[in-house]
1. Among Val134, Val96, Val154, which is the only one that is under 13 Å from Val43 (Cα atoms) and either touching a Leu at 6+ places or on another chain (Cβ under 8 Å) or of a type in the set (A, V, I, L, M, F, W, C) (or both)?
2. Does Glu209 satisfy the criteria of being in a strand (DSSP E or B), of a type in the set (Asp, Glu) and in contact (Cβ under 8 Å) with a residue 12 or more places away in the chain?
3. Could you please tell me which pairs satisfy a Cβ distance under 6 Å, a separation of 6+ or placement on different chains, a first residue in region 16-36 that is more than 14 Å from Lys84 (Cα to Cα) and outside the structural domain of Ile114 (by TED's automatic domain parsing), and a second residue that is among the aliphatic types (A, V, I, L, M) and not in a loop (DSSP other than H, G, I, E, B)?
4. For residues in region 187-208 being charged (D, E, K, R) and under 18 Å from the mean Cα position of the chain (by Cα), which is surrounded by the most Cβ atoms within 10 Å (Cβ to Cβ)?
5. When you check Leu56 against the structure, is it more than 30 Å from Leu256 (Cα to Cα) and either in contact with a Cys (Cβ under 8 Å, 6 or more places away or on another chain) or outside the structural domain of Ile283 (by TED's automatic domain parsing) (or both), yes or no?
6. Filter region 38-69 down to residues that are under 26 Å from Asn282 (Cα atoms) and not aliphatic (A, V, I, L, M) and give me whichever is surrounded by the fewest Cβ atoms within 10 Å (Cβ to Cβ).
7. Right, Glu98: in contact with a helix residue (DSSP H, G or I) (Cβ under 9 Å, 6 or more places away or on another chain), among the acidic types (Asp, Glu) and at pLDDT 90 or above or not?
8. Return the residue satisfying two criteria in turn: it lies in region 70-96 and is hydroxyl-bearing (Ser, Thr, Tyr) and assigned to a loop (DSSP other than H, G, I, E, B), and of such residues it is surrounded by the most Cβ atoms within 10 Å (Cβ to Cβ).
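The values are calculated or read from the model by the stated rules, or taken from the named source; none is laboratory data. What you see is a predicted model; the values in this text were computed from it and never measured. Cβ atoms come from the backbone with ideal geometry, glycine included; neighbour counts cover every protein chain shown.
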Amino acid sequence: MKQTNILLESDTNELEIVEFRVDELDSHGNLVPCHYGVNVAKVREIIRLPKLTKALNTSDAVEGMIKLREKVIPILNLSKILNKYTGDLLSDRVIVLEFNNVMVGVLVHSVSRIYRISWKNVEAPSSAVYSDQVTGLVKMDDRIILVLDFEKIVAEFCASSALQPLAPEQLLEGAGIDRSSKSILVADDSPFIRHTMCSALRGAGYNVEEAVNGAEAWEKIQNKMQQCSSDGVSFRSRMQLLITDVEMPQMDGLHLTSLVRKEDSLKDLPIIIFSSLASEDNIRKWHDLGAQQILTKPDLPNLVKYADEFTA
């Protein structure tokens, strides 16, 4: 699969998704097609399922391990993770994902094609209808593609990719620092990741506002800009730091960063990009876009440290 550079472009507010299917059978044994998507930036390649080696002492959802160019990677069975009844349906396609410095394969029934879409066309899912394994949905003419939260899914089975809470000794390192006057805006569409980040920052004493995507974050920033202008104070006196994910419905974090940097009153607002896609190439481009620091998702212990540095 040829990967493109959509996420490396700063102002498109677009992404490409790989559509795949993990089907199920209804109570009468009829096939129910189910369409899912993943950001192509997370996809290393797509292969037929090779010979599996069973893994010991793992979850039932870990189908086994494969050797891929001298590297052993786990294979997760999405049918089991998504609690589907599949009967004799054959899953023989593997989407190899790489993010958060982790490589893992996910077993699916079929892979169809790649779509280039605007983040404006990716809707946030309703918590009343979809599980926390879904971060967005794309409405096509004849179907809905659910964008899965692979960061959460993989974190449940790969400890090295998981967000680790701060240890007590790490919190004690910042003891004595008064952060009660410092405000941070955190934008992330994953409730799991956003809650983890915000809990760490609040635990350290920061005032934290939350946004579920870049559009909501930009609206909050614009409202605060107007209030600061009315009160005759600088924006930095009311908000000291923006922390943003990249992949978010409606508006991604790169477009949000670009909008912030175009405003004279926001040019000195520090921005931390907190993303699973923080490769060396992306880090360089995101710095050029105007971010002061880029962290990967498993790098939570450094979040408070850099928050202290940029809010000082």
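1. From the options Val134, Val96, Val154, the qualifying one is Val96.
2. Yes; evaluated as a whole, the condition is true for this residue.
3. Taking only residues 6 or more apart or on different chains, not a single pair turns up.
4. It comes out as Asp188.
5. In short, yes.
6. For region 38-69, the residue satisfying everything is Arg69.
7. Yes.
8. Ser91
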